[in-house]
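Read through the structure below, which is laid out as structure tokens, and then see the notes.
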Amino acid sequence: MTQLPHTHPRPHRQPRPLTRPRRSRFRIATVLSALLTLFAVVLAAPAPAASGETGWWVPTARPAPDSQINVTGEPFKGTDAQGHVRGFVDAHTHLMSNEAFGGRLICGKTFSPQGIADALKDCPEHYPDGSLAIFDFITKGGDGKHDPNGWPTFVDWPAHDSMTHQQSYYAWVERAWRGGQRVLVNDLVTNGVICSVYFFKDRSCDEMTSIRLQAQKTYELQAYIDAMYGGPGKGWFRIVTDSGQARDVIQQGKLAVVLGVETSEPFGCKQILDIAQCSRADIDRGLDELYGLGVRSMFLCHKFDNALCGVRFDEGGLGTAINVGQFLSTGTFWQTEKCAGPQHDNPIGLAPAAEAQAQLPPGVAVPSYAGDAQCNTRGLTELGEYAVRGMMKRKMMLEVDHMSVKAAGRAFDILESESYPGVISSHSWMDLDWTERVYKMGGFVAQYMHGAEGFSSEAKRTDALRDKYHVGYGYGTDMNGVGGWPGPRGTDTPNPVQYPFRSVDGGSVIDRQTTGERTWDINTDGAAHYGLVPDWIEDIRQVGGQDVVDDLFRGAESYLTTWGASEHHRAAVNLAAGEPTAASSTEWWNPFVSYASGRSVDSDTGTRWASEWSDDQWLRIDLGSTQLVGRVTLDWERAYGRAYRIEVSTDGSTWQSVWSTTTGDGGLDTARFAGVPARYLRIQGQQRGTQWGYSLHEVGVYSI
């Protein structure tokens with residue numbers, strides 16, 4: 001008998017406490033009950049009994065033939081001794097992207113009522129030898145030729161370096177669940193420009209139409225799996241719409257599936273020649289529709305600058321190709337500037353992308369960029385700020401990956417000013433210098449599915465921060481996301497994965513995965529498909545040690561802590577709104593516009609107080625009665641304070657300094673300090689940040 005490797009987990013670090021949210025009664029009306037009847041007929045074949053396993057986790061009717069799972073043992077249930085859920089979280093993946101980009105970019109389906117032979121087949125234009133697999137050779141190199149047959153031989157795909165073939169067949173996702181994953185964020189994804197320029201498509205390129213279809217297909221997948229287990233609610237794949245539901249699902253030992261959105265022009269919010277093509281009403285309608293579909297997290301921009309925000313660039317030849325797409329979509333190329341702080345966007349690079357550049361109109365060329373200007377000039381727009389605040393009102397989580405540092409910085413300012421914890425970095429597209437800022441807000445961080453060495457190294461670099469904030473860690477597989485996945489380390493490595501091995505909880509035995517005539521081994525095949533996630537985690541244990549895996553095993557609890565805190569967030573009352581004010585001076589140069597001190601507390605970000613052009617200036621607010629004050633927000637106009645302090649008083653004559661800075665950089669500042677009683681609050685300017693005076697759009701004063 002093969003000796004199984006054993007794991008020895010270290011004692012769990014104490015996660016942050018979380019108040020248990022109420023369970024939502026939200027139901028999705030778009031899932032038709034007739035699907036269950038159809039799937040019940042399709043799945044009438046008995047479940048394979050090769051393992052001889054029986055139990056609640058074994059379906060009563062699986063399609064035959066089908067993929068093997070190659071995991072034995074009951075999936076763990078319940079919580080740990082502290083009442084926390086356990087398990088891994090994939091914070092970023094794309095189950096249904098085969099339905100995106102016109103329907104032919106990613107070949108194969110996550111499931112099919114016609115069975116595995118229909119689900120796992122190549123696109124028609126790839127036959128007989130892959131010669132027309134244009135996107136394959138663009139992303140992988142070579143001539144694109146490959147054996148197009150999937151089931152049952154799988155000679156050439158799925159593979160860790162093939163980005164055009166289905167990697168998330170439902171049974172492979174089932175294997176990841178059996179191996180310990182308990183949260184999966186399914187990002188509904190598409191890109192209208194890629195769809196429009198790609199040669200092969202069989203449906204509309206409209207982004208919102210694709211998002212709706214992918215949401216529908218995810219609910220159909222849930223019904224498909226339910227039918228295997230005897231009816232609605234009985235399967236292991238459970239779409240959840242609040243953190244309480246997610247906790248219940250995980251405590252039952254099942255997989256909680258969260259819907260997200262990652263698209264370039266959400267709600268039609270593209271920009272053409274810097275003119276927004278959407279309105280606040282479009283944003284509200286779009287957010288309401290997505291919320292109704294069950295979406296709880298989303299990106300506001302992805303790959304192309306849009307009417308909401310600028311993006312963090314892609315590098316090299318891919319960056320050149322996407323910059324071409326940016327021009328085709330918006331009429332403008334990316335524009336760069338020197339970064340204002342230590343954070344920066346990716347360098348665009350000057351590598352050619354001939355296929356993409358050929359799409360440009362005659363006489364138009366991709367510009368060159370200065371090496372010392374690595375930041376996108378475009379940040380978070382006024383409409384983008386409206387969208388961020390709209391997400392907060394709906395208790396949704398903001399994905400900051402893909403935002404330019406200018407846009408992400410402003411988004412962080414807004415979230416911090418409201419003490420809102422719902423911020424996610426799900427797959428290593430945020431400047432890493434902002435990791436602690438995310439943790440401090442109560443957000444969640446996951447790393448891209450890099451190879452075991454790179455993943456372990458980055459996890460260890462930020463280990464002290466996770467200890468400091470008592471949080472777990474996540475991964476973002478980005479499967480079906482055209483990103484590339486870990487290659488094999490080889491059997492000659494001194495610490496290969498030894499099959500079979502035990503799951504992290506110790507309750508299941510995991511062997512090499514077999515589908516049809518092909519068996520995959522993480523040592524020689526790398527992370528070829530979603531079913532090899534448990535093998536990749538074991539590879540991380542071999543390379544990075546048990547500590548890294550333990551942090552990942554706490555990921556589900558930390559993700560749900562962030563989500564639950566977002567649901568329970570309540571906007572604080574601005575004690576300064578509409579209250580009497582006074583100022584040392586008021587700028588006067590336009591007889592038609594008032595810059596009076598009261599403009600700073602009128603709840604209108606389109607107005608402002610402005611002082612005369614000298615350093616020693618102040619703004620005073622009378623709160624009307626003594627209040628407990630512990631947080632002040634200052635939304636500066638371009639004329640900001642470099643050095644200033646915040647003072648409080650109970651009588652208007654004796655002042656106490658409670659907060660100060662000498663490194664102000666404008667934007668939206670949030671000052672936090674131990675709560676103090678105050679009736680009066682004064683912002684005392686000491687040094688201006690510009691040649692002008694001090695100018696504030698809005699001041700907020702809060703108890704916490």
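Observations
- Using the Stokes-Einstein relation with a Kirkwood hydrodynamic radius computed over Cα pairs, the translational diffusion coefficient of the stretch 277-342 at 37 °C and a viscosity of 0.692 mPa s comes to 235 µm²/s.
- Over all Cα atoms in the stretch 428-472, the spread is summed up by Rg and Dmax: 10.3, 29 Å.
- When the solvent-accessible area of the chain is split by element, carbon and sulfur atoms take up 52 percent of it, the probe being 1.4 Å.
- Two-decimal ratio, the stretch 359-427, of alpha-carbon radius of gyration to 2.2 N^0.38 Å: 1.44
- Relative contact order (%) - criterion: Cα under 8 Å, at least six apart; region: the stretch 263-395: 29
- Cα-based Rg / Dmax (Å) for the stretch 550-704: 17.6, 65
- Normalised by the number of residues in the chain, the average gap of Cα pairs under 8 Å and 6 or more apart makes the relative contact order 15 percent.
- All aspartates and glutamates inside 15 Å of Lys140 as judged from Cα atoms, apart from same-chain residues fewer than 8 positions distant: Asp156, Asp161, Glu355
- Within a straight-line Cα-Cα reach of under 22 Å, Lys395 can be paired with the following lysines, leaving aside sequence neighbours fewer than 8 residues apart in one chain: Lys440.
- Dividing the summed -39500 (n - 2.57) terms of all DSSP H runs of n ≥ 4 by the residue count of the chain sets its mean residue ellipticity at 222 nm at -7500 deg cm²/dmol.
- Put simply, the C-alpha atoms of the stretch 649-704 give a gyration tensor, and the ellipsoid matching it has half-axes of 22, 14, 11 Å, longest first.
- Most to least packed among 580-593, 420-433, 213-226 [average Cβ atoms within 10 Å]: 420-433, 213-226, 580-593
- 22 Å tail of the calculated P(r), the stretch 89-195, as % of Cα pairs: 32
- Along its principal axes, the chain has C-alpha extents of 83, 66, 54 angstrom, given from the largest down.
- Restricting the calculation to Cα atoms, the stretch 145-248 shows an Rg/Rh of 1.01 when the hydrodynamic-style radius is the Kirkwood one.
- Antiparallel %, DSSP beta bridges [both residues in the chain], to 5: 65
- Computed over the stretch 487-575, the P(r) tail beyond 22 angstrom holds 42 percent of alpha carbon pairs.
- Set of aspartates and glutamates near Lys201 by C-alpha distance (under 12 Å), chain-local residues within fewer than 8 positions excluded: Glu99, Glu125
- Cβ-based net charge around Thr93, under 11 Å, with every Lys or Arg adding one and every Asp or Glu removing one: -4
- Geometric descriptor of the stretch 237-326, per residue, is 119 Å³ (volume of the convex hull of the Cα atoms).
- Net charge dipole, the chain: roughly 1940 debye, given to the nearest 20, about the Cα centre with Cβ charges of +1 for Lys and Arg and -1 for Asp and Glu.
- With contacts taken as Cα pairs under 8 Å at a separation of at least 6 residues, the stretch 321-471 carries a relative contact order of 18 percent.
The values are calculated or read from the model by the stated rules, or taken from the named source; none is laboratory data. Computed from a prediction, not measured in an experiment: that's the story for all the values here. Cβ coordinates were reconstructed from backbone atoms using ideal geometry, including for glycine residues, and neighbour counts include every protein chain displayed. Side chains are part of the model used for accessible areas, which takes the heavy atoms of the whole protein and leaves out ligands, DNA and RNA. Shrake-Rupley method; radii C 1.70, N 1.55, O 1.52, S 1.80 Å.
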